[in-house]
Amino acid sequence: MQSFIQKYQKDVMGVLSGWDRVFIQGTQRALANLAGMMSYLSYVGVLLKDFGSFVEETSERIKTASEEAAQRLNRPVIYLKSCHVSKEDLVRKIALQEGISEGLICILRCVEPGISYRIYSNRQQKKLILKREPRQCLHYYHYWMDRDFGLMHARLQTWFPFDIQVCFNGRSWLARQMDKKSLGYEKRENCFAWLENVPATQKLMDRLLKLNWPRFLGGIARQINPLQKQILQGYRTDYYWSIHESEWATDIMFRSIRALDRIYPSLIRGAISAFSTRNVMRFLGKKPQGPYRTGEVISSYLRRPEGIRVKHSINRNSVKLYNKQGSVLRVETTINDPYEFKAFRPKENDPEGDWDWRYLRKGIADMHRRAEISHGVNGRYLEALSALDTETPLKQLLGPVCRRCLWKGQPVRALHPWSATDQELLSVISRGEYTINGFRNRDLVMALYPKSRGSTETRRQASGRVTRHLRLLRAHQIIRKVSGTHRYRLTQKGRQMVTAVLCYQSVSLQQLNKLSA
């Protein structure tokens with residue numbers, strides 16, 4: 001993202017990156033599958049014919065224990081007739097009216113969809129069977145003002161397997177930490193428009209990644225489900241914590257609303273009209289031939305009270321751009337499906353085994369890697385925006401590469417950005433899978449000449465052609481060789497030029513007329 005910041009440095013006062021909203025799911029894995037639930041019933045000595053009365057009695061005990069803190073503190077327990085009511089607005093209103101700055105605010109009860117168990121009679125086998133299926137069941141929402149996180153909530157499913165969902169906001173946590181350090185700031189809703197000390201604030205934000213999450217979340221579980229161990233009677237009672245949804249936001253704080261308003265319309269137009277499927281793949285560090293090939297890339301925009309929000313999504317993951325409170329430009333990556341990404345780790349059931357690039361897990365063990373991936377997506381998106389909204393005319397940007405030049409004393413032909421051959425070459429070197437590790441000669445051979453796999457002679461000829469392509473790109477300073485390797489990466493100039501060529505080749509005459517209007 002440095003290219004974007006450098007470009008607008010006279011208008012930018014600072015950048016802050018970190019967690020925004022995060023939803024963490026607590027699951028008792030032993031009870032979350034049919035075999036485990038049957039094993040538990042056997043462990044506590046409950047027959048299937050008694051299952052209905054057993055679980056009903058257990059749920060009543062859970063509800064009574066969960067409400068005990070509210071009764072002791074004289075806090076309200078409110079039943080909501082619809083799950084579509086804005087719970088947070090209701091809670092904030094209660095907290096404001098009663099001046100609650102710390103501790104429990106209220107408990108909300110609401111019937112919502114969940115996964116639980118039901119008994120069925122199998123007439124053919126003449127026996128009862130247990131099934132795990134979606135059901136409508138009662139959930140308890142505990143809302144409280146946390147000393148470190150501010151407003152938080154945790155949702156408890158009051159039916160087996162008693163799943164828990166915890167929600168926190170990284171910006172609220174940061175505000176509390178800055179208060180402790182006496183650092184000045186201006187907070188507007190869920191973003192900071194001004195920070196007294198940006199580097200110190202970023203260091204504080206980074207500390208959230210080092211929190212002892214199992215201990216912190218375990219304390220919340222004991223708070224809202226105090227009978228957990230008593231009910232399970234020693235049967236593998238620990239919760240497994242996984243990230244259900246995460247938002248990582250990069251906020252660029254402009255010095256004034258006018259400064260952001262001057263460039264935001266151009267950024268929005270460029271993001272909507274020029275970012276193609278391949279661009280979005282690159283933002284998310286993916287290749288079209290990879291797992292995303294079955295997913296549809298969707299780019300959309302939504303008008304909000306503050307302005308226009310642009311969203312690019314693939315399957316259940318997305319990157320968004322919008323302005324916050326007038327003077328803050330936010331790029332936000334949301335990950336709902338982590339299995340599309342990779343983490344360097346051992347196998348889950350063999351922690352002492354070999355490390356390799358494996359799928360990113362939902363568990364909090366991969367939380368730090370999730371943050372790295374999200375931060376990289378935001379950076380690549382901002383880099384592309386800096387190339388789109390360049391004040392340099394395309395003629396000035398592309399003119400030098402469209403002329404012959406010298407490379408190590410030898411003449412090299414001009415690049416032809418609008419020819420099919422050179423466009424395909426530029427498209428391949430900008431692919432998402434090459435963003436981090438770069439590309440090699442054989443990578444381009446496989447991408448540009450897939451039919452060369454047949455014979456050794458054909459592969460050798462294709463490799464020679466790619467060598468000449470690499471020489472052309474290096475001569476025009478579009479790529480550079482990574483020292484000590486056979487890999488190449490795009491230069492900053494190359495990234496800007498390639499992005500401009502690939503984006504604007506798909507812009508129609510009608511779109512250009514609108515942009516120039």
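The values are calculated or read from the model by the stated rules, or taken from the named source; none is laboratory data. A quick note: this is a predicted structure, and the numbers were derived from the prediction, not measured. Cβ sites come from the backbone with ideal geometry, for glycine too, and all protein chains shown count toward neighbours.
Hey, could you check the range 317-355 for residues that are among the charged types (D, E, K, R), more than 30 Å from L260 (Cβ to Cβ) and in contact with a strand residue (DSSP E or B) (Cβ under 9 Å, 6 or more places away or on another chain) and say which is surrounded by the fewest Cβ atoms within 10 Å (Cβ to Cβ)?
Result: D354.
Quick check on my filter: what residues within the range 3-41 are within 20 Å of R361 (Cβ to Cβ), among the β-branched types (V, I, T) and in contact with a Leu (Cβ under 9 Å, 6 or more places away or on another chain)?
Once the filter is applied, which keeps residues that are within 20 Å of R361 (Cβ to Cβ), among the β-branched types (V, I, T) and in contact with a Leu (Cβ under 9 Å, 6 or more places away or on another chain), the range 3-41 yields only I24.
I want to confirm something. Restricting to the range 356-393 and keeping residues that are exposed (fewer than 11 other Cβ atoms within 10 Å of the Cβ) and part of a loop (DSSP other than H, G, I, E, B), which single residue is modelled with the highest pLDDT?
That would be P393.
Have a look at E98, E88 and point out the one that is over 20 Å from I224 (Cβ atoms) and acidic (D, E).
E98
Among the residues in the range 142-162, are any touching a residue at least 60 places away in the same chain (Cβ under 8 Å), assigned to a strand (DSSP E or B) and among the polar types (S, T, N, Q)?
no
Residue check, K187 against (1) assigned to a helix (DSSP H, G or I); (2) in contact (Cβ under 8 Å) with a residue 12 or more places away in the chain, all met but one. Which one?
Among (1) assigned to a helix (DSSP H, G or I); (2) in contact (Cβ under 8 Å) with a residue 12 or more places away in the chain, K187 violates only (1).
Can we say I78 is free of Cβ contacts under 8 Å to residues at least 24 places away in the same chain, in contact with a Cys (Cβ under 7 Å, 6 or more places away or on another chain) and not assigned by TED's automatic domain parsing to the domain that holds E245?
In short, no.
Given the criterion part of a loop (DSSP other than H, G, I, E, B) and either of a type in the set (K, R) or under 32 Å from the mean Cα position of the chain (by Cα) (or both), identify the matching residue among H139, H84.
H84
Conditions: (1) free of Cβ contacts under 8 Å to residues at least 12 places away in the same chain; (2) within 30 Å of R29 (Cβ to Cβ); (3) not hydroxyl-bearing (S, T, Y). R403 meets all but one. Number of the miss?
R403 satisfies all of (1) free of Cβ contacts under 8 Å to residues at least 12 places away in the same chain; (2) within 30 Å of R29 (Cβ to Cβ); (3) not hydroxyl-bearing (S, T, Y) except (2).
Would a scan of the range 70-79 turn up a residue that is at pLDDT 95 or above, of a type in the set (G, A, S) and crowded, with 17+ Cβ neighbours inside 10 Å?
no
Listed residues P305, P288; which is closer than 27 Å to W194 by Cβ and modelled with pLDDT under 70?
P305
Please count how many residues of the range 141-152 are buried (at least 22 other Cβ atoms within 10 Å of the Cβ) and in contact with a Cys (Cβ under 8 Å, 6 or more places away or on another chain).
Adding up the residues that qualify gives 2.
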